[in-house]
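Student: Once you've had a glance at the structure underneath, I'll fire off some questions.
The values are calculated or read from the model by the stated rules, or taken from the named source; none is laboratory data. Every value quoted in this text rests on a predicted model; they were computed, and no experiment measured them. Reconstructed Cβ throughout: ideal geometry from the backbone, glycine too, with neighbour counts over all protein chains shown.
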Amino acid sequence: MDVALLSRIQFAVTIGFHYIYPPLSIGLGVILVIMEGLYLKTRNPLFQQMTKFWVRIFGLTFAIGVATGIVMEFEFGTNWAAYSRFVGDVFGSALAAEGIFAFFLESGFLAILLFGWDKVKPGMHFFATIMVALGAHFSAVWIVVANSWMQTPAGYHIVETANGMRAEITDFWAMVLNPSSIDRLSHTIMGAWQAGAFFVISVSAYYLLKKKHQNFARNSIKIALIVAAIASLGQLVTGHSSAETLARTQPAKLAAFEGIYEDGEPAGLTVIGYVDEENETVYGITIPGMLSWLVHGDTDAPITGLHAFPEEDRPPVQATFQLYHAMVAIGMLLILLAVGGVLLLWKGILFKHAWLMWIYVFSVLLPQFANQIGWAAAEIGRQPWIVYGLMRTSEGLSEVINAQQVLGSLILFTIVYIGLFVLFIYLLDQKIKHGPLEEDLLEHGRRA
């Protein structure tokens, strides 16, 4: 078996399982800030009860997220030693910044968030909530910056060392603000907000269907729907901006996203289709000139096609094409559910349809699918480069590992991650079934 393929699968499995949890933490962090802020403003004990319940869910998500994320850093050394040597100066600074500005901030205030309700003043507890939410966002910042540098390297020079070529930072802020980092960060954050918001919507809809915790569920779903609508529309804007950036920085990836082979001609936007890679043709429903218009504002503007690149420098077109279009389709559905839900809420008829509540119960899966598929499309679309234009994926591997070692560790990690996921679902199910604590309301009444 191929060591490179197995190593890529292993890293994909590792980050795929891990990436279930950070988006939930980021999205829930925003919602916690809103709920606790409403409590401080109104002194309505319901908002405190809502905050306390979702804080417990946040704590569980954070714990599993930390446990599943540790392995990735070790895999850089075990499986991708040549790559680690090449980007060590760049990644070292970004990951150090994550530890200082994100993880320490988030974990440092987490204890106050979880256990400080009766031990610190309300204003201090709210400050801790904001810091935890901010820390979760900072974590995304530095991870996305590091990954974006792999897509669009900037602020570096190449030096020759005894162990081979090495990229070293010449301009830290040029590295941080590389051409794709802002677009990719904003797109990632909007996806995380969607994940957290639709999670709250799903649990709240479940309570409404079961006729449990009605007041709690109605108010939770109202807040979450507004966040979901903002994030879903924001995702549309950031996705469009990302496509414009791709046209300048990674034209081969954009061409693979839309199955564009002919170079230097106006291109249409394929709504749904299939790529015949052998005959270099896309069969499907296409809007003529639409891609040219979206990228350049002109339906006759030329688009760089795959024929502009040698075959060995082209990404796998079919996989990239289908993943990208699946992500876009889910994104459109999330806009419909979020914006449509807000409109129905405004008209006062949102909670009158049980079938709609069932849709919202299962909607929690959609942002997760979109986030996973979107990352897969971005990473597969970068191939055959591990650092775009500088290092091929095949060149980043460790020299001392063999296929049997990678396969064995892949099987072991997969079993462990499945076990952690089952544990997460079990504990989450217990917390949801238990529901918000009524004593939280009574406690407030006694203190008042």
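Student: Of all the residues that make up segment 189-215, how many are out of contact with any Ser or Thr (no Cβ under 8 Å at 6 or more places or on another chain) and surrounded by fewer than 24 Cβ atoms within 10 Å (Cβ to Cβ)?
Tutor: Final tally of qualifying residues: 11.
Student: Return yes or no: is S186 surrounded by fewer than 20 Cβ atoms within 10 Å (Cβ to Cβ), in contact (Cβ under 8 Å) with a residue 40 or more places away in the chain and assigned to a helix (DSSP H, G or I)?
Tutor: Yes.
Student: Right, next: Here is a check on your reading of the model: is A136 part of a helix (DSSP H, G or I) and either under 30 Å from A376 (Cβ atoms) or of a type in the set (D, E, K, R) (or both)?
Tutor: Taking the combined requirement at face value, the residue satisfies it.
Student: Another question, then. For the list (1) touching a His at 6+ places or on another chain (Cβ under 9 Å); (2) farther than 21 Å from L423 by Cα, I need the number of the one condition that L38 fails.
Tutor: Checking L38 against (1) touching a His at 6+ places or on another chain (Cβ under 9 Å); (2) farther than 21 Å from L423 by Cα, the one that fails is (1).
Student: Within the bounds of segment 344-364, is there any residue that is buried (at least 17 other Cβ atoms within 10 Å of the Cβ), touching a Phe, Trp or Tyr at 6+ places or on another chain (Cβ under 7 Å) and closer than 26 Å to T14 by Cα?
Tutor: Yes, because at least one residue in segment 344-364 is buried (at least 17 other Cβ atoms within 10 Å of the Cβ), touching a Phe, Trp or Tyr at 6+ places or on another chain (Cβ under 7 Å) and closer than 26 Å to T14 by Cα.
Student: Do you know which residues across segment 135-155 are hydrophobic (A, V, I, L, M, F, W, C) and in contact (Cβ under 8 Å) with a residue 40 or more places away in the chain?
Tutor: Passing the criteria: A136, F138, A140, V141, W142, I143, V144, V145, A146, W149, M150.
Student: Within the bounds of segment 409-418, is there any residue that is modelled with pLDDT under 90 and in contact with a Lys or Arg (Cβ under 7 Å, 6 or more places away or on another chain)?
Tutor: No, segment 409-418 contains no residue that is modelled with pLDDT under 90 and in contact with a Lys or Arg (Cβ under 7 Å, 6 or more places away or on another chain).
Student: If you take the residues in segment 378-399 that are part of a helix (DSSP H, G or I) and hydroxyl-bearing (S, T, Y), which one is nearest to R314 (Cα to Cα)?
Tutor: Of everything passing the filter in segment 378-399, T393 is nearest to R314 (Cα to Cα).
Student: From the set of residues in segment 400-424 that are part of a loop (DSSP other than H, G, I, E, B) and hydrophobic (A, V, I, L, M, F, W, C), which is nearest to the chain's Cα centre (by Cα)?
Tutor: The selected residue is I401.
Student: With the requirement that a residue be modelled with pLDDT of 85 or more, over 17 Å from I26 (Cβ atoms) and part of a helix (DSSP H, G or I), what does segment 116-133 give you?
Tutor: Scanning segment 116-133 gives G123, M124, H125, F126, F127.
Student: Can I ask one more? When segment 240-280 is examined, which residues are found to be closer than 15 Å to A326 by Cβ and under 23 Å from the mean Cα position of the chain (by Cα)?
Tutor: A256, F257, E258
Student: Say whether the condition of being of a type in the set (S, T, Y), in contact with a strand residue (DSSP E or B) (Cβ under 9 Å, 6 or more places away or on another chain), surrounded by fewer than 17 Cβ atoms within 10 Å (Cβ to Cβ) and in contact (Cβ under 8 Å) with a residue 40 or more places away in the chain is met by at least one residue in segment 398-420.
Tutor: Within segment 398-420, none of the residues are of a type in the set (S, T, Y), in contact with a strand residue (DSSP E or B) (Cβ under 9 Å, 6 or more places away or on another chain), surrounded by fewer than 17 Cβ atoms within 10 Å (Cβ to Cβ) and in contact (Cβ under 8 Å) with a residue 40 or more places away in the chain.
Student: Would you confirm whether any residue within segment 48-57 is surrounded by fewer than 18 Cβ atoms within 10 Å (Cβ to Cβ) and on the phi < 0 side of the Ramachandran plot?
Tutor: yes
Student: Are any of the residues in segment 156-179 touching a helix residue (DSSP H, G or I) at 6+ places or on another chain (Cβ under 7 Å), free of Cβ contacts under 8 Å to residues at least 24 places away in the same chain and either acidic (D, E) or surrounded by fewer than 21 Cβ atoms within 10 Å (Cβ to Cβ) (or both)?
Tutor: No, that holds for no residue.
Student: If you don't mind, another one. Considering segment 224-251 alone, what residues qualify as being aliphatic (A, V, I, L, M) and either surrounded by fewer than 20 Cβ atoms within 10 Å (Cβ to Cβ) or at pLDDT below 90 (or both)?
Tutor: Within segment 224-251, I226, I230, L233, L236, V237, A243, L246, A247 qualify.
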